Structure formats: structure tokens, C-alpha cells
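For reference, the structure is listed below as C-alpha cells.
Where a number appears in this text, it was derived from the coordinates with a stated rule and is not lab data. Quick caveat, the model's predicted, so the values are computed rather than measured. For neighbour counting, all protein chains shown are included, and Cβ atoms are generated from backbone atoms with ideal geometry for every residue, glycine included.
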Amino acid sequence: MEMTRRNMVSAASFAAVGSAFALGTSPASATGSNPRALLPPMASVPQADGKTLLTPNQALERLQEGNRRFAADQPTQPDISVKRRAAIAASQAPFAVILCCSDSRVGPEQLFGAGLGELFVVRTAGNYLDTAGIGSVEFGVSVLGAPLVVVLGHERCGAVKAAAAVLKDNVALPGSLGPLVEPIIPSVIDAKANLKPGDDLIETAARIHAKRVAKRLKNTPDPAFAAPSSAGKLNVVAAYYDLDTGLVEILDV
Ligand SMILES: [Zn+2]
């Protein structure tokens, strides 16, 4: 394929910002020689009228239990059986909506040990919500009846690193990468202003960003969120995934 001048410029720009946007590499995980058995799937989630019966707290506890098993290298076997597939073929009743980064290392079903039909997932690099994202979360809550929304940031997020590079060096990101990271910049500014000695700017910004997005959803006047929230039927939380420990920490919003 012949490379046009525009493509060449674009490729050069990508190379220039490569280090800014490159996703960090996690330390090699310990790989024991003994294969460990997967724990059986967690008990199925009770439902009525095609919706989950879990409360927001129960949904969060279930996610945390799945994550504890994952972090302890005793992950839950996701229920992807033919039986399960058949059971949910006609309809779905996820018990949580997860908004997380597109990063290949933070797949929510794996982190939380969830199977088919359990999580309604919205993913964008940097876990920010545009209109389509908000509409997707709203669909999970108001149509599918999920009682919990988790906004999940993570360690060594490439999108947050890129936002920090734009702020620090005024780097011009090519294509749609600029608009992608732009909404993260206020979180980096906030992190810089409140950075404590010893804190890492990128990790602090990733935490602040997850909280900002969660707060935005929590405080939206949209009745799809406001009505179930005030009735205690919906909770929105922020969380942070540590690539090294495998643990998801729930953050105060
Ligand atoms: Zn990320």
C-alpha cells in the first residue's frame, strides 16, 4: 500500500507520541508449574420479572468476592456453558454496569469472575463517557435493571499518560486521539494541584478521573439515574484496578 504524505505525517506523529500513549507493561506474573483448578462459578443471581433481585450492595459484594478470588489466583470459572447460553438467549438481566478502559489487561469479566449475561460493559480508552456512553449506561440501568454502576480506572493507564503529556508538553496527538484524551486533562490538573509527596501523578489522576466520571453519573438530573438512586435501587461507585496486585479498590466518590 502506497503511503500518502498525510499517512506519513500521521505515522510520524504516532511515533512521536508513542511513548506518551504507550501502555505500560506490567511485571511478569508468577507462573507456577502446577496448573490450579478454577473455582466453580458463583451461585446464579436471583431474578424476577427478567431483572436481577440483587440490591446495589449485594451486587458490589459479588463483584468484590469475584475479584478477591481473581487476585488470589483462584479465579472463578466463568459460566459460559451451553446451558447458561441457552438460559440467557432470549433476554439478559446483568447485575452491574461496568464502565472501564479499553486496556487489554482490565477485562471486567475476568477481574470480577463474571460469566455470560452478568455484566453490562461500556469500554472506552480512559473510561470517559460521551453521549453514546451515557446512553449505554442508562440502557443498562433503566432498561435492563442493573442496580450498580462501577466506573473503573486503572494503574498505568495509557490514556491518562497521554493526557498528562498533552498538558505538560503541549503534545498534539494525531487523529481522534486528541479529543479522546481531552476530557481527562481536568483530572490531571486536579491531580497536579493536590499531589502529595510520594504520590504518582498518573495514578492519582486515574483515581480522580474515575471519581469525576462516577460523580457526574451520580449527580445527573436524568430521571433514569436520579429516580432509582433516590429510591435506594441504584448506586454508582468509582473503583481503581491495581495491575500488580489484581485487586480492585472501591473509591470514595
Ligand atoms: Zn487505560
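If Gly107 satisfies every condition in (1) under 27 Å from Arg85 (Cβ atoms); (2) more than 13 Å from the ligand (Cβ to nearest atom) but one, which is the exception?
(2)
May I ask you to list the residues in the stretch 128-159 that are closer than 15 Å to Val106 by Cβ and hydroxyl-bearing (Ser, Thr, Tyr)?
Of the stretch 128-159, the ones closer than 15 Å to Val106 by Cβ are 128, 150-159.
Tyr128 - this is the single residue of the stretch 128-159 that is closer than 15 Å to Val106 by Cβ and hydroxyl-bearing (Ser, Thr, Tyr).
Among (1) touching a Phe, Trp or Tyr at 6+ places or on another chain (Cβ under 8 Å); (2) assigned to a helix (DSSP H, G or I); (3) over 20 Å from Leu251 (Cα atoms); (4) free of Cβ contacts under 8 Å to residues at least 60 places away in the same chain, which single condition is Glu138 missing?
Status for Glu138: all satisfied but (4).
Would you tally the residues in the stretch 97-108 being more than 12 Å from Gly126 (Cα to Cα) and touching a helix residue (DSSP H, G or I) at 6+ places or on another chain (Cβ under 9 Å)?
Selection size over the stretch 97-108: 3.
Among the residues of the stretch 132-145, which ones are under 18 Å from Val181 (Cβ atoms) and away from the ligand (no atom under 16 Å from the Cβ)?
Ala132 - this is the single residue of the stretch 132-145 that is under 18 Å from Val181 (Cβ atoms) and away from the ligand (no atom under 16 Å from the Cβ).
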